[in-house]
Amino acid sequence: MSGKNEQNHKHSEHKIINEYKHDFQESTHKPEAGDTRSSFSNRIGFVLAAAGSAVGLGNIWRFPYLAAKYGGGSFLIVYLLLVISFGFTLMVTEIALGRKTGKSAIQAFSMLQHKWGFVGIICAAIPIIITPYYCVIGGWVAKFFVAFVTGQGTASAADGYFNNFIGGTFSPLIWFVIYLALTCVVVLLGVKDGIERASRILMPLLIAFLIGITIYSFTMDGALEGIKFYFTPDLSKFTPALFLAAMGQMFYSMSLAMGIMITYGSYMKKSDHIEASVKQIEWFDTGVAMLAGLMIVPAVFAFSGGDENAVNAGPGMMFVTMPKMFTSMGISGNIVGAIFFLLVLFAALTSSISLLETVVSIFADKLRISRLKACIISFSLTFVLGVPSALGFGKLSMISIGGMSFLDMCDFITNSVLMPIVALLTCIFVGFVIKPSTVISEIETNGIFKRKGLYIVFIKYVAPIMVLAILISSVMNSLGLITL
Ligand code: TRP
């Protein structure tokens, strides 16, 4: 690689993380001589930055409808087991690879082993596909926020409102563009003083709100049925399809298997403990997802009179149920609804900014162009790729494969195909090419690695075999060779 390219890469790569560095520094209390707690404060900074990327629409919008679709408790059990075993293994690996090499995904793999550079390239393709549809859904959130602010909360709770909205021609497109433009402006201006600082206040507020609304949803008639449904496993739902969905959700929610955590790891201090940080990030992320499910699923039961079919509302679940719940609160519902959608908007923005930034740095690096140019290219590409997702429920609904809308298709290709492939390759790479000891020594630079045994078994055998089995069965299923 030429020196110039490397410089360019460094420049754009630094941009995003500078914000986080800034955050780390802010949260670091100045150590006194001999004070050993400074690294602890650093760790909090890193954990918050990583959690900001992880907590987003995946937790509040995607998790509840998947949990409902796959039989409540059955999905929760599989998801939790995957998070503490597979998710833990992969997040530890990505952060350690990043910190060891000091590079982002594209370079980290090739630096460790030239032939494996292609994994970094697959990683790069993933945010390019996710960002457009993420922004389409971000647009839906923005639309509902404005509806509640302008006092149209009750109207938005009416049956068919959501479907009419996403089935329209101009409205989903306009809201998508507004949301994308907002994301792009922040990426261009840099998130330093605004959004990251704001998210430190807004994220805890979001959690407080989730708890408050969850308690409210429990008080509704029929909610108990929903709580039971949410926690009771439905044995008939334990299928490979559930495993694939739970695994895809885990990658998505924890921002794994697309190399983003490698970049984050490259800015982690050598003195910070990787294992402890990962545990905190995964509990934070999983906690928010669980809470969101607990808020939405019982409410769906309450409003549908205990109809189990109602939980199959799919991606629209949040947008159909939540407005109904806010309306049931009476006059204050408009205010509560507005605040709720504002907080979700924020959680989504912190994630989409980080996603778009990843896309921008890929172009800036590969094409060796300025950030502004890379931003324009990324905006245009995201717009073009997002149009079929935005219109996929209306004008362009004919673009569908196997009953999936274009948006669902992008979601499926990334979360259920590309991300498992990246995860599989990462496991093989670490397990057999550079060997687990490379990662372990990075983690043990400061302290013991408690789950070392689990880590080695997982990265070498359990994880790759599991992903491969699920991947093959799902591909055979989609080719019609087997029926799951
Ligand atoms: N984890 C994010 C969410 O739950 C989505 C996401 C996946 C993401 N990969 C990412 C966000 C990379 C930022 C960077 O919504």
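The values are calculated or read from the model by the stated rules, or taken from the named source; none is laboratory data. Everything quoted here is computed from the prediction, not taken from an experiment. Cβ sites come from the backbone with ideal geometry, for glycine too, and all protein chains shown count toward neighbours. Heavy atoms of the whole protein, side chains included, go into the accessibility calculation; ligands, DNA and RNA do not. Shrake-Rupley method; radii C 1.70, N 1.55, O 1.52, S 1.80 Å.
Modelled spin-label separation between residue 368 and residue 125, with each label point placed 7 Å from Cα along the Cα-to-Cβ direction: 2.6 nm. With contacts defined as alpha carbon pairs under 8 Å and 6 or more residues apart, what's the relative contact order of the range 58-199 in percent? Over the range 58-199, the number comes to 14 percent.
Size descriptors for the chain (Cα atoms only): Rg and Dmax, in that order, 21.8, 67 Å. Charge dipole of the range 36-478 (Cα centre as origin; +1 on each Lys and Arg Cβ, -1 on each Asp and Glu Cβ, all else neutral): 1340 debye, rounded to the nearest 20. For the range 222-359, the dipole from Cβ point charges (+1 on Lys and Arg, -1 on Asp and Glu) about the Cα centre works out to 160 debye, to the nearest 20. Short-range pairs are left out: with C-alpha atoms under 8 Å and at least six residues apart, the relative contact order of the chain is 31 percent. Of the residues 434, 443, the one with the largest accessible area comes first in the ranking 434, 443, computed with a 1.4 Å probe on protein heavy atoms.
Quick one: angle between helix 317-328 and the longest Cα principal axis of the chain, in degrees between 0 and 90, rounded to 10, please. Tilt relative to the chain: about 50 degrees. Does the range 325-378 classify as rounded, prolate or oblate by the C-alpha gyration tensor (a ≥ b ≥ c root eigenvalues; a/c under 1.5 gives rounded; else a/b over b/c gives prolate, otherwise oblate)? Judged from the Cα gyration tensor, the range 325-378 comes out prolate (a/c at least 1.5, a/b above b/c).
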